[in-house]
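Inspection log for the structure reproduced underneath, given as structure tokens.
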Amino acid sequence: MGCWAKLRSSTWAYPTAVLSLYGFFANCRVAEPFLTPYLIGPHKNISEEVVTNYLFPIWTYSYLAFLFPVFLLTDFLRHKPLIVVQGLFLVTNYILLCFVPGLPAMIFLQVNYAVVTSTEVAYFSYIYSLIPVENYQRATGYLRSAMLAGYTFGASLGQVLISLAGVDYFYINAITLGTVSMAFLISFWLPMPQRSLFFKGKKAAGVGLQSQQGGPLGADGPVMDKDDVGSVKEKMEHNGSAGWCSRENAASAGHLLWQSFRESYSSRNLIYWSLWWALATAGYVQVFNYIQLMWDHIEPSATSSIYNGGVEAACSLVGAAAAFSVGHIKVTWAVWGELALGLFSAVGTGAVFLMALTSSIWACYAGYVIFKSCYMLLITITTFQIASNLSMECYALTFGINTFVALLLQTIITVIVVDEAALGLDIVTQFIIYGSYYAIISVLFLIRGTYTACVNQHNPEHTGTKDRESRVEVICAERF
């Protein structure tokens, strides 16, 4: 009891520990790597064409519809309620999979799961509204490690149960129902934040105020004079005493959102990193969503042994090792980062084409491991580059905007390529298109990265000068 009381009294250890525990069980989805075989098998008896061209696109459209409102609602309700909602919808997700037959139930399942994915923003932003700034980096590491550990353990357990014990897919889903139910119960242990980042967010405003006086953007950032500082402080005090849903509070939140948006996209380099994030994530999610259908096309699960769980576990471990290596590689990412984006995107392009054109399931597995590992490596570099130049509030907003743009691009791809109302292409043709899409990304960033590297070799000060010029342009645009 003494250790538990000490943990609870900590300003950051208790919420981080509980949220990490939640993240482990919420991502320990034993059945997730085997969703497609379960849907097209005797339990649900849905055809592969319906799953590909009708069922899965519903999730994409629903996710797009929910993402931005949920992002605002997460901050307005101070995060915890949305985490509880995520846990609840995870439970209903696997209740539907286990006990409710028929296509209409699976359609509702896709909408239900869109709520789960759209509330993921609450998982990451919650901790930043509760703990001291000096613990952000450690807490973030613990949360991501918990998610990775849960996903790896769940995928590995599912593979062992199916391959060695011959457990039926229904019982795999039932086990997953138990793990996500545990996550739902743990979510109630989370302490309720006393503030939000934007709505009635005094600390957020304070951080924004600090950045205006030489915070995360340093000497190149916008500077406010004393009268402006006093005006902001007066508004903060007034809004703090206003009602939670008052017009003044909403206006203050809108102002903070706009300030964060300006800071996030005031640098040309940050815009390029964000562009890769959005473009590459759209392609990655498409591959991730439909890879099980590709595996089933090459090696039908009804007649062959499948190793989806083992492959996903391997991807998590290899991708984590690649991401971990970023922190130990001595590279000037501001100079060589864009070229790295182009090179590794080209490797990912080759991996997608390999998945599309091979008739060997093991070659397809290998291509997926290479592709996912490249993406996890690059998204880690991108996240680091963006976050290292922004306050955490701005990073949260940037994450939301980049994710929304990626989802918008993914929706466009889904509407044109996948949806039966448009082209409704078969899975092999889809992957050829995804490979071509990634090829375009790699060419764009190879050209841009080569230009940046060459310019910097001839004039090392060029990159920093351009960055400062772009920020000055933003300041001047606002003042004049």
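The values are calculated or read from the model by the stated rules, or taken from the named source; none is laboratory data. Owing to the predicted nature of the structure, the values given are computational and were not obtained by experimental measurement. Methodologically, a virtual Cβ is constructed for each residue, glycine included, from the backbone with ideal geometry; neighbour enumeration extends over all protein chains shown. To get the accessible areas, we keep the full protein, side chains included, count just its heavy atoms, and leave off ligands, DNA and RNA. Shrake-Rupley method; radii C 1.70, N 1.55, O 1.52, S 1.80 Å.
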Net charge of Cβ neighbours under 15 Å - reference residue 312; Lys, Arg +1; Asp, Glu -1: 0
Rounded accessible area per residue of segment 33-165, 1.4 Å, Å²: 39
Rounded accessible area of residue 43 (nearest 10 Å², 1.4 Å probe): 80
Considering Cα pairs under 8 angstrom that are at least six residues apart, work out the relative contact order of segment 29-156 and quote it in whole percent. 37
Extension length gain for residue 426 and residue 98 (0.36 nm per residue less Cα distance), in nm, is 115.3 nm
Using only protein heavy atoms and a 1.4 Å probe, report how much of residue 59 is accessible, in Å² to the nearest 10. 20
With the full set of protein chains in place, find how many percent of the accessible area of segment 1-156 is carbon and sulfur; take the probe as 1.4 Å. 71
Cα pairs beyond 20 Å in segment 45-174, in percent, come to 59
Portion, in percent, of the accessible area of segment 342-381 that falls on carbon or sulfur, probe 1.4 Å: 81
